[in-house]
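Report on the following structure.
Laboratory data are not the source of any read-out in this text; all were calculated from the coordinates shown. Keep in mind the model is a prediction, meaning the values are calculated, not measured. When we count neighbours, we look across all protein chains shown, and the Cβ atoms used for this are built from the backbone with ideal geometry, even at glycine.
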């Protein structure tokens, strides 16, 4: 069984597209081969700035022969129907067979297709893949019709047999003919390389200064940067996103450390880091104790005779120019901040938040009022919460945030401190966007929590009021993220907020939206959706902390033997009761009396209920659901014994009604904890 090697060699592919492109090449080729009847053992995709590579092990030598019997019209059907069937099947009418199906005789076409050699199928699939490749952006280069992200220069496509011999899969795409030739590093080893297998290909590329594996390039950069920092007594700021991007910019990473001019070292660390990351793709290097950014790491794509000195000098000149701009913005902004930030706050009136929701100034008014209202519930000072909310959006009109929008809030904190506001207020300004995602840190300081909640609730209620809600995969205003932010703020800080009273009256389904987001959030913790549904059916379901406390306790309880068996007992009791009530036309909801108990198991169940019911009800009242579940667990054995020994539908109607009312007592006690009728399975 041969191995297949494909390389599509081009000008530089944008780093952000490489991983997806390697995955798409693997998917399109393997899907096409399997659809054509070829199997394989393993497939691996790779990407560098100038090449997409796919290696398949254990490819079948040819597709299997196939035989298909296709049933057609009945005997005696109109000629046009038969002729249409013949054309569709691709056979002659004389080749049709007649079969008796037991109900009628029908025409049958026998379609026999011989297998095809792997090379023929590979050429067909790869041709189609290249011509229809799903680049986010592509264009025609030169006079051909092929669209590619950058000019495509070579197609390497070979099959390697077990004995080491190889053959080129013949292919011509827009004048580019396949071969067994690739190239090494653009500058350090540009000569052509003839290869015979994937192992030969990878080894020759490595000798030609090309690391084929993106993960290897990233790890090389990370390790070399860390070593440079350690040698200088410094540490590199971790930046996984930048690491992946830089690994896609080089084929042979050479890591270099440079200095930042002393005149820029007093800029905020976030400004230095953002400027170097956004414009230069530099990693920041800081002092471990102070956190000051004092150096940078850049990654070159080649080794040089002067060990990178010329490259570093050029990078430092460009960086100084960039940081001079940042320093200019910083100094201008400080003048406004030290004057109280009033200029920025006034400027928000000219910044539109949404055409139907007014300006950013209008939004700030709403957030400030809501933050003041929420403050007592989160333990914050109302005046401080309102003051922080009125400052929260001020930095949107600063020069630094205009240049670096990702520094919203971060710069607001620096400016609030310069304006003389307390750390509590300044930190709330910085944290009011948080959490931005499922792994982002959640604010816990009371003023920060009040402002962050107010910002997100205003966003949700506002867009719900104008009918701009998420649909399907579309969420242009990041409302799902805002909803998750509200959930995480409430749960992390164990807040008791009745959201139904906080949301606007014209947003009736907003609570349902948050509850659905909560299901997703809790599912990651292992809490099943039906468990959450059982708790959503209970009073107080707009109190997310109460809801989650109940759901977690129920989830843990149902994972135990006692929980599973009690659930079975509840279902049995509920089923018998439901049928009896439907038959009798009455509700058995009270009146169970121990004096009518006859069987010892029946008497024992009365005793157990009398003992546990006060404990369970008190635990539910105290919102100690774990204790309530424990009380229910102690009923498991008496309930099991009761069903084992007692016949509910006794001929004696007094005993029957008493036992049905006893089942009602069990049902009501369970339903006071959670709606167990919603539990699946």
**Cα-based radius of gyration of the range 577-649 once divided by 2.2 N^0.38 Å, which approximates compact folds** = 1.26
**Message:** 7 Å from Cα along Cα→Cβ at both residue 565 and residue 304: what's the point-to-point distance in nm?
**Reply:** 7.7 nm
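Which FRET efficiency, nearest 0.05, do residue 20 and residue 140 yield, Cβ-Cβ r, R0 25 Å?
0.70
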**Request:** May I ask you to sort 463, 187 by Cβ crowding, counting other Cβ atoms within 10 Å and putting the fewest first?
**Result:** 187, 463
**Message:** I need two numbers for the range 146-295: Rg to one decimal and Dmax as a whole number, Cα atoms only, in Å.
**Reply:** 20.9, 65
**Item:** Full-extension gain in nm, residue 480 to residue 627, via 0.36 nm per residue minus C-alpha separation
**Value:** 49.5 nm
**Request:** Return the FRET efficiency for the residue pair residue 12, residue 444: r is the Cβ-Cβ distance, R0 is 35 Å, and the value is rounded to the nearest 0.05.
**Result:** 0.15
**Request:** For residue 579 and residue 292, calculate 0.36 nm times their separation in residues minus their Cα-Cα distance, and state this gained length in nm to one decimal.
**Result:** 96.0 nm
**Request:** Go ahead and estimate [θ] at 222 nm for the chain from helices alone: -39,500 (n - 2.57) per DSSP H run with n ≥ 4, summed, over the residue count, rounded to 500.
**Result:** -16000 deg cm²/dmol
**Complete:** The correct pair for the range 1-151, radius of gyration to one decimal and Dmax as a whole number, both in Å and from Cα atoms, is 21.9, 65
**Complete:** Each label sits 7 Å from Cα toward the beta-carbon; between residue 239 and residue 594 the label points are separated, in nm, by 7.3 nm
**Request:** Please tell me the relative contact order of the range 66-113 in percent, rounded to the nearest whole number, where contacts are Cα pairs under 8 Å and at least six residues apart.
**Result:** 53 percent
**Complete:** Cα gyration tensor of the chain diagonalised, 5x eigenvalues square-rooted, in angstrom largest first, produces semi-axes 57, 49, 24
**Global form of the range 347-394, assessed from the alpha-carbon gyration tensor, a/c cut-off 1.5** = prolate
**Complete:** What the Cα atoms of the range 529-681 span along the principal axes, largest first and in whole Å, is 48, 30, 26
**Request:** Could you work out, for the range 28-91, what percent of all Cα-Cα pairs fall into each 10 Å distance bin, beginning at 0 Å and stopping at the bin that holds the largest distance?
**Result:** 16, 28, 19, 17, 13, 5, 1
**Request:** Can you tell me how much longer the chain between residue 469 and residue 647 gets when fully stretched, taken as 0.36 nm per residue apart minus their C-alpha distance, in nm with one decimal?
**Result:** 58.6 nm
**Item:** Radius of gyration and Dmax over the Cα atoms of the range 310-435, both given in Å
**Value:** 16.7, 60
**Asked** Given the Cα atoms of the range 214-337, and with Rh set as the inverse mean 1/r over their pairs in the Kirkwood sense, what is Rg to Rh to two decimals?
**Response** 0.98
**Asked** Direction-averaged shadow area of the convex hull around the Cα atoms of the range 224-263, nm²?
**Response** 3.6 nm²
**Prompt:** In nanometres, what is the gap between the two model label sites at residue 322 and residue 92, each 7 Å from Cα along Cα-to-Cβ?
**Reply:** 7.4 nm
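Pop the C-beta distance of residue 610 and residue 523 into the FRET formula with R0 = 22 Å and round what comes out to the nearest 0.05.
Details: r = 39 Å, r/R0 = 1.76.
After rounding to 0.05, the efficiency reads 0.05.
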**Fill in**
the range 344-520: Kirkwood hydrodynamic radius (Cα pairs, Å) comes out at 16.2 Å
**Request:** Name the shape class, rounded, prolate or oblate, that the alpha-carbon gyration tensor gives for the range 620-672, where a ≥ b ≥ c are the square roots of its eigenvalues, rounded holds for a/c under 1.5, and otherwise prolate holds if a/b is larger than b/c and oblate otherwise.
**Result:** oblate
**Message:** So if I take the alpha carbon set of the range 66-113, get Rg, then get Rh from the Kirkwood formula, what is the Rg over Rh ratio?
**Reply:** 0.95
